[in-house]
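The values are calculated or read from the model by the stated rules, or taken from the named source; none is laboratory data. Source: prediction; values computed, not measured. Methodologically, a virtual Cβ is constructed for each residue, glycine included, from the backbone with ideal geometry; neighbour enumeration extends over all protein chains shown. Heavy atoms of the whole protein, side chains included, go into the accessibility calculation; ligands, DNA and RNA do not. Shrake-Rupley method; radii C 1.70, N 1.55, O 1.52, S 1.80 Å.
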Amino acid sequence: MPDRVGQLDHNHIWHPFTQQKGWVEEEPVVIDSGEGTDLIDVDGRRYIDGVSSLWCNVHGHRHPVIDRAVRDQLDQVAHTTMLGLTHGPAAELASRLVEIAPPGLNRVFYSDSGSSATEIALKMAFQYWRQHGDGGERRTEFVTLSEAYHGDTLGAVSVGGIELFHSAYEPLLFRSHKVAAGDAGELERVLERHRERVAAIVVEPLVQGAAGMRVQPPGFLRDVRALADRHGILLVCDEVATGFGRTGTMFACEQERVAPDLLCLGKGLTGGYLPLAATLATERVYDGFLGAPEDRRTFFHGHTFTGNPLACAAALANLEVFDAEHTLLRLQPKIRLLGELLGKVAAMDEVAEVRGRGLMIGIDLGEHDPALRLGHRVTLEARSRGAIIRPLGDVIVLMPPLSISKVDLTRLVSITGESIKAAHESVYGATPAEIGSGKGAGQPVVAEAA
Ligand SMILES: Cc1ncc(COP(=O)(O)O)c(C=O)c1O
């Protein structure tokens, strides 16, 4: 019987990306507090936050520097609008973001979720061309990668390509041209065919997260930039998931020395503390919107909580901690350790493939009947062993805070390995070797999902 919180939850909350029918049959973990890279439930059980509270926590929970920054800002003002006013934290943060972003991204437009950041980039690219002259108004289409994920608002879904999440909304979407990630040749052909109608190419650089941590071959992003330049098309990089150290550098684009025309940030921007997102634009894009009010070149977009001061204060403190704690430098040995630890996981019979960059990992369990919910079972096993992880179907995601200790990183991978074994055995009643199946596969002995 769930306790009061669990009961109220089951009675009234509708959870994101969750089949409620199954949710109300399970007892929820009720989180009471966080400390460093641990989450602590109301019964005092501790769990490693193995997915950084959905890919956003950077320096751990209750970091004293970020906590203090938010408290100090509370003593000033919690919220004031960016429509017609400005404030210190938003201005200081914009200047810091411009400093650390790839070159040329000089303007910061705030919003409050990754979906909004990409939606804004799409609208900016579209409107930029409408106001451009020289036939620019014909540039109304987008080129995107297959299996892309850019968020859940309708524009973001239109440039997305995950069948399970997106196909239901098909009649509501605008069309975009899909290109296989990693295939620069196909991109070139699509651009040749549609060149005068394309406003922008939209990509998640280096790793497509929600697609199951699909890694692009080296050089692909550079090829995309070169093709965008050749056709005079804008490049939008969505670093909502990859930004803020996740792939080993502050931004994934840096690894290919690519600077996009529009850069989308979210998640780790505040260290995972508060909802804040940003779309950074070049001066070229920004200039395209300048004019007298009656020219109607204004970017008519904004949200109530755009540039919220508490969130901006958290984001400034987040960047301060990156410097003070040498987060990126100290991350490198952890990435190497993780690589070694994952070698053993990749060798497991239950695992088809391990992919990723930096602290952004997908452990692919191979082809299984979705009704078995093998990935979900792995997360339940992990929970009983002291780690919170979340799957993407049958791909187990590991994405701990960058601040995780080597000891906890080792423990997280070991819990994950054990949990994969246990879940596999609970479904198939035997190891893949005993069944004589290929890596990651087998015949289920349980027909029903948990
Ligand atoms: C690459 C990418 N873009 C956009 C989003 C959407 O961000 P949000 O959930 O904050 O709307 C996500 C979320 O996972 C993402 O991974």
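Identify the single condition in (1) aliphatic (A, V, I, L, M); (2) free of Cβ contacts under 8 Å to residues at least 24 places away in the same chain; (3) in contact with a strand residue (DSSP E or B) (Cβ under 9 Å, 6 or more places away or on another chain); (4) open to solvent by 70 Å² or more (accessible area, probe 1.4 Å) that residue 8 does not satisfy, given that it satisfies every other one.
It fails just one condition, (3).
So that you can scan it fast, the table gives a plain yes or no per residue for (1) closer than 23 Å to residue 208 by Cα; (2) of a type outside the set (Gly, Ala, Ser):
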| position | (1), (2) |
| --- | --- |
| 297 | no, yes |
| 342 | yes, yes |
| 347 | no, no |
| 371 | no, no |
| 383 | no, yes |
| 390 | yes, yes |
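When both residues are 6+ apart or on different chains and their Cβ atoms are under 9 Å apart, which pairs have a first residue that lies in region 59-85 and is more than 28 Å from residue 38 (Cα to Cα) and at pLDDT 95 or above, and a second that is hydroxyl-bearing (Ser, Thr, Tyr) and surrounded by 15 or more Cβ atoms within 10 Å (Cβ to Cβ)?
81/306; 82/110; 82/306; 83/306
So which of 245, 291, 339 is farther than 23 Å from residue 76 by Cβ and within 20 Å of the chain's Cα centre (by Cα)? Please lay out each step first, then the result.
Values: 291 fails: within 20 Å of the chain's Cα centre (by Cα); 339 fails: within 20 Å of the chain's Cα centre (by Cα).
The match here is 245.
Quick one: is residue 204 crowded, with 19+ Cβ neighbours inside 10 Å and in contact with a His (Cβ under 8 Å, 6 or more places away or on another chain)?
On the way: crowded, with 19+ Cβ neighbours inside 10 Å: yes; in contact with a His (Cβ under 8 Å, 6 or more places away or on another chain): yes.
Yes; evaluated as a whole, the condition is true for this residue.
Can you list the helices (runs of 4 or more DSSP H) found entirely within region 112-192 that contain at least 3 residues being within 15 Å of the ligand (Cβ to nearest atom), surrounded by 20 or more Cβ atoms within 10 Å (Cβ to Cβ) and at pLDDT 95 or above?
It comes to 114-130, 154-158.
Which numbered condition trips up residue 27, out of (1) within 23 Å of residue 376 (Cα to Cα); (2) surrounded by 16 or more Cβ atoms within 10 Å (Cβ to Cβ); (3) more than 16 Å from the ligand (Cβ to nearest atom)?
(2)
Of the residues 274, 280, 234, which single one is open to solvent by 10 Å² or more (accessible area, probe 1.4 Å) and either farther than 30 Å from residue 141 by Cβ or in contact (Cβ under 8 Å) with a residue 12 or more places away in the chain (or both)?
Residue meeting the stated conditions: 274.
Can we say residue 257 is basic (Lys, Arg), over 17 Å from residue 98 (Cβ atoms) and without any contact (Cβ under 8 Å) to a residue 60 or more places away in the chain?
It is true that residue 257 is basic (Lys, Arg), over 17 Å from residue 98 (Cβ atoms) and without any contact (Cβ under 8 Å) to a residue 60 or more places away in the chain.
Going through region 248-304 one residue at a time, which ones are among the aliphatic types (A, V, I, L, M), part of a helix (DSSP H, G or I) and away from the ligand (no atom under 16 Å from the Cβ)? Spell out how you get there, then give the answer.
Taking region 248-304 first, the residues among the aliphatic types (A, V, I, L, M) are 250, 252, 258-259, 262-263, 265, 269, 274, 276-278, 280-281, 285, 290, 292.
After this cut, where a residue has to be part of a helix (DSSP H, G or I) as well, the list is 252, 269, 285.
The one that is among the aliphatic types (A, V, I, L, M), part of a helix (DSSP H, G or I) and away from the ligand (no atom under 16 Å from the Cβ): 285.
Anything in region 91-111 that is away from the ligand (no atom under 16 Å from the Cβ), within 15 Å of residue 269 (Cβ to Cβ) and in a strand (DSSP E or B)? List them, or say none.
105, 108, listed by residue number.
List the strands (runs of 3 or more DSSP E) inside region 1-79, counting only whole elements, that have at least 2 residues being touching a Phe, Trp or Tyr at 6+ places or on another chain (Cβ under 8 Å).
Filter on region 1-79 gives 38-41.
Evaluate region 309-317: report whether one residue or more is without any contact (Cβ under 8 Å) to a residue 24 or more places away in the chain, open to solvent by 30 Å² or more (accessible area, probe 1.4 Å) and either within 20 Å of residue 55 (Cα to Cα) or over 23 Å from the mean Cα position of the chain (by Cα) (or both).
The answer is no; no qualifying residue exists.
I'm trying to understand the selection: among the residues of region 317-350, which are more than 30 Å from residue 89 (Cβ to Cβ) and in a loop (DSSP other than H, G, I, E, B)?
The answer is 347, 348, 349, 350.
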